[in-house]
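**Q** My questions will all concern the structure given below.
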Amino acid sequence: MVLQAGALRVSAEQPQTQAAADAIRETGAQALTELREVIGLLREPPATLLAAAEVGEAPPGRLSALVTESGVRAVLVEDGDPGRVPAVVGRAAYRVVQEGLTNVRKHAPGAAATVTLGYGPDGVRVSVRNGPAASTPDPALVGSGTGLLGLRERVELLGGSLDSGPCDGGGFLLEARLPA
């Protein structure tokens, strides 16, 4: 897919087609990177993987862009010092936010959401909380129902935990705790 998107980018004449091909290629390349990480997680105990993981800045700029461009009325609240966290943990936090906002858009259209990242010495706490839907969800947008299951597996492979469920007064909370 990545190679075919690259070939389309080179051969396409319209800028819109070139931009779409670039987006497909970038998404495919990111998926391959994440697949390699998951395979690595399956081969190594979580403690070994985290000890050896590349350390990099937590991606607050990327998270800010994700929240802003999500199509959801959402605010990002960060608490604590992001400092340096393993890159694999930063990517997992990003995926939690991405899945949470996707679910708000699909299942609670028009709802406002708050994305919170709490950085502490022991790890990162990520939550996406939304209020009740402002309109009825479009049945065509409802997915396979495996997004949270896959996310839970990703988080648990890192030695973290994921909780989700309805909130009192309506809405939904997705919360992950990831080790630093």
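**Q** Expected output is a single nm value to one decimal: the length gained when fully extending between ASP81 and ASP138, i.e. 0.36 nm times separation in residues minus the C-alpha distance. What is it?
**A** 16.6 nm is the gain from fully extending ASP81 to ASP138.
**Q** Given axes a ≥ b ≥ c from the Cα gyration tensor, I'd like to know whether the range 73-155 is rounded (a/c under 1.5), prolate (a/b larger than b/c) or oblate.
**A** Oblate, since a/c reaches 1.5 and b/c is not below a/b.
**Q** Taking θ = phi - 60°, what integer Hz values does the Karplus form 6.51 cos²θ - 1.76 cosθ + 1.60 yield along the range 18-31, in sequence order, with x for Gly and Pro?
**A** 4, 5, 5, 5, 4, 5, 5, 4, 5, 5, x, 5, 5, 4
**Q** Still on this structure, I have one more. With a probe of 1.4 Å, find how much accessible area the range 76-180 has per residue, and write the answer as a whole number in Å².
**A** 48 Å²
**Q** Sorted by average packing, counted as other Cβ atoms within 10 angstrom per residue and highest first, what order do 153-166, 121-134, 8-21 take?
**A** 121-134, 153-166, 8-21
**Q** Using modelled amide H (1.01 Å from N, peptide plane; none on Pro or chain starts), what sits under 5 Å from the amide H of GLY120, excluding residues fewer than 5 places away?
**A** HN-HN under 5 Å from GLY120: ARG125.
**Q** For the range 65-110, what class follows from the C-alpha gyration tensor (a ≥ b ≥ c being the square roots of its eigenvalues): rounded when a/c is under 1.5, otherwise prolate if a/b is larger than b/c, else oblate?
**A** Judged from the Cα gyration tensor, the range 65-110 comes out prolate (a/c at least 1.5, a/b above b/c).
**Q** Provide the gained length on full extension for the span ALA19 to ALA31, in nm with one decimal, where the gain is 0.36 nm per separating residue minus the Cα-Cα distance.
**A** Roughly 2.5 nm would be gained on extension.
**Q** Can you work out the FRET efficiency for the pair ARG73 and SER161, with r the C-beta to C-beta distance and R0 = 25 Å, to the nearest 0.05?
**A** Efficiency at R0 = 25 Å is approximately 0.35.
The values are calculated or read from the model by the stated rules, or taken from the named source; none is laboratory data. Every value quoted in this text rests on a predicted model; they were computed, and no experiment measured them. Cβ: placed from backbone, ideal geometry, glycine included. Neighbour counts: every protein chain shown. Only protein heavy atoms, including side chains, enter the accessible area calculation; ligands, DNA and RNA are left aside. Shrake-Rupley method; radii C 1.70, N 1.55, O 1.52, S 1.80 Å.
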